[in-house]
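Peer 1: Before we start, here is the structure in question, set down as structure tokens.
The values are calculated or read from the model by the stated rules, or taken from the named source; none is laboratory data. If you're wondering where the values come from, they're calculated on a predicted model, not measured in any experiment. Positions of Cβ are backbone-derived with ideal geometry, glycine not excepted, and every protein chain shown enters the neighbour counts. Surface accessibility is based on the protein's heavy atoms, side chains included, excluding ligands, DNA and RNA. Shrake-Rupley method; radii C 1.70, N 1.55, O 1.52, S 1.80 Å.
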Amino acid sequence: MKITRIAAYRVDLPLNEGSYRWSGGKSVDVFDSTIVRVETDAGIVGHGEVCPLGPFYLPAYAEGVRAGLAELGPHLLGEDPTQLDRLNRIMDAALKGHPYVKSGLDIACWDILGQAAGLPVCTLLGGRYGEGVTLYRAISQAEPDAMAESVAGYRGQGYRRFQLKVGGAPDLDVARIRAVAALLGPGEVLVADANTGWLMHEAARVVRGVGDVDVYIEQPCLGYQECLSIRRRTDHPFVLDESVDGLDMLLRGNADGAMDVVNLKLSKLGGLTKTRQARDLCVTLGVAMTLEDSWGGDIATAAIAHLAHSTPEEFRFTATDFNSYVTVSTAEGAPRRVDGRMAASTAPGLGITPRMDVLGAPKVDLS
């Protein structure tokens with residue numbers, strides 16, 4: 001089998017809530033997502049998705065996805081899309097870095113591999129564990145009472161895990177955490193995610209200020225060493241996210257005892273192939289995981305579902321159903337939340353069919 005065409009489509013994904021706000025005054029109203037289509041001479045077509053959280057979160061931006069695909073795509077034409085490790089070596093040789101550019105291509109080729117094998121991607125990634133995957137809901141940054149009200153509303157939709165967007169003024173963040181913690185019942189989980197927003201002295205004040213609260217602390221500071229400093233002065237369970245962008249940092253964090261949970265994002269690591277490597281290493285090391293991506297719609301959610309559903313249940317801290325946050329559906333067959341959980345499709349590949357009327361004309365078209 002050979003790749004005969006690579007196309008990329010831009011789709012705007014408006015948010016149901018109108019906007020999404022996190023640390024440092026950052027916010028997004030409409031996400032710019034890129035749907036990647038890979039066609040083959042066997043007639044099998046695969047799809048992937050890359051959707052950066054704006055240009056100011058990770059080293060990634062939406063136009064960069066499409067520019068990178070135009071640069072990288074010609075190197076993949078004529079290659080066998082089912083040879084995933086070989087394909088990733090070709091991509092890494094042709095384009096240094098820029099893992100987010102490669103992620104959509106890698107996911108699309110897993111979709112092709114699954115269809116060619118007649119198996120869902122989660123089976124190829126290691127098997128299906130359990131009936132579904134537990135989801136969290138991200139709570140956009142707002143005043144304490146408003147965030148508590150949001151949590152109460154999402155509890156009614158079946159969520160039992162909540163990720164508060166903090167990373168602002170320490171006193172206000174302490175109030176946010178306490179306002180939501182006061183509402184939680186047995187079995188519910190609270191994560192305070194600063195998204196690198198605090199300086200060390202601010203993070204130290206917050207963890208001291210919520211010392212009696214059952215809460216996870218996620219990525220309090222920008223740098224790894226700053227996060228490690230905070231980790232060493234709190235007994236709260238600790239999550240690393242932005243600092244862990246490859247196997248080297250995962251191994252370093254584990255050796256330093258820097259985290260109890262790690263957040264693995266598909267586009268941050270370069271797609272399913274490399275995230276699977278990190279996932280399997282976490283299982284070996286005994287580190288629980290949040291399995292997700294920076295953002296996305298139906299196709300990104302399908303890829304997350306397959307990765308998470310193929311992960312042993314005791315190592316799945318949580319995952320994300322991004323397609324429930326946005327107003328536009330880009331594919332049929334994508335996972336849908338049921339009582340705070342979702343399941344990977346049992347159909348071959350990702351199990352999705354893109355809505356070509358929504359995708360429109362390609363922004364990149366290589367053949």
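Peer 1: Could you list, in sequence order, all residues of the stretch 152-176 that are in a loop (DSSP other than H, G, I, E, B), closer than 12 Å to Ser23 by Cα and open to solvent by less than 20 Å² (accessible area, probe 1.4 Å)?
Peer 2: Val166, Gly167
Peer 1: In the stretch 21-68, how many are open to solvent by less than 50 Å² (accessible area, probe 1.4 Å) and among the charged types (D, E, K, R)?
Peer 2: Qualifying residue count, the stretch 21-68: 5.
Peer 1: Kindly indicate whether Ala344 is under 19 Å from Tyr154 (Cβ atoms) and surrounded by 24 or more Cβ atoms within 10 Å (Cβ to Cβ).
Peer 2: No.
Peer 1: Out of the stretch 114-149, which residues are open to solvent by 40 Å² or more (accessible area, probe 1.4 Å) and not acidic (Asp, Glu)?
Peer 2: Hits for the stretch 114-149 are Gln115, Ala116, Ala117, Gly118, Leu119, Thr123, Leu124, Gly126, Arg128, Tyr129, Thr134, Ala146.
Peer 1: Looking only at the stretch 177-192, count every residue that is under 18 Å from Arg208 (Cβ atoms), open to solvent by less than 10 Å² (accessible area, probe 1.4 Å) and either in contact with a Gly (Cβ under 8 Å, 6 or more places away or on another chain) or part of a helix (DSSP H, G or I) (or both) and tell me the total.
Peer 2: 1
Peer 1: If you don't mind, there's one more thing I want to ask. For the stretch 354-363, state whether one or more residues are basic (Lys, Arg), over 22 Å from Tyr129 (Cβ atoms) and open to solvent by 10 Å² or more (accessible area, probe 1.4 Å).
Peer 2: Among the residues of the stretch 354-363, at least one is basic (Lys, Arg), over 22 Å from Tyr129 (Cβ atoms) and open to solvent by 10 Å² or more (accessible area, probe 1.4 Å), which makes the answer yes.
Peer 1: Another one. Could you grab me the full set of residues in the stretch 223-235 that are closer than 23 Å to Arg279 by Cα and either modelled with pLDDT under 95 or assigned to a loop (DSSP other than H, G, I, E, B) (or both)?
Peer 2: Scanning the stretch 223-235 gives a single hit, Gly223.
Peer 1: Among the residues of the stretch 226-258, how many are open to solvent by 20 Å² or more (accessible area, probe 1.4 Å) and more than 28 Å from Gly46 (Cβ to Cβ)?
Peer 2: The number of residues fulfilling the criteria is 17.
Peer 1: Just the residues that are small (Gly, Ala, Ser), in a helix (DSSP H, G or I) and either touching a residue at least 12 places away in the same chain (Cβ under 8 Å) or under 21 Å from Tyr9 (Cα atoms) (or both), please, taken from the stretch 94-149.
Peer 2: Ala94, Ser103, Gly104, Ala108, Gly114, Ala116, Ala117, Ala148 - these are the residues of the stretch 94-149 that are small (Gly, Ala, Ser), in a helix (DSSP H, G or I) and either touching a residue at least 12 places away in the same chain (Cβ under 8 Å) or under 21 Å from Tyr9 (Cα atoms) (or both).
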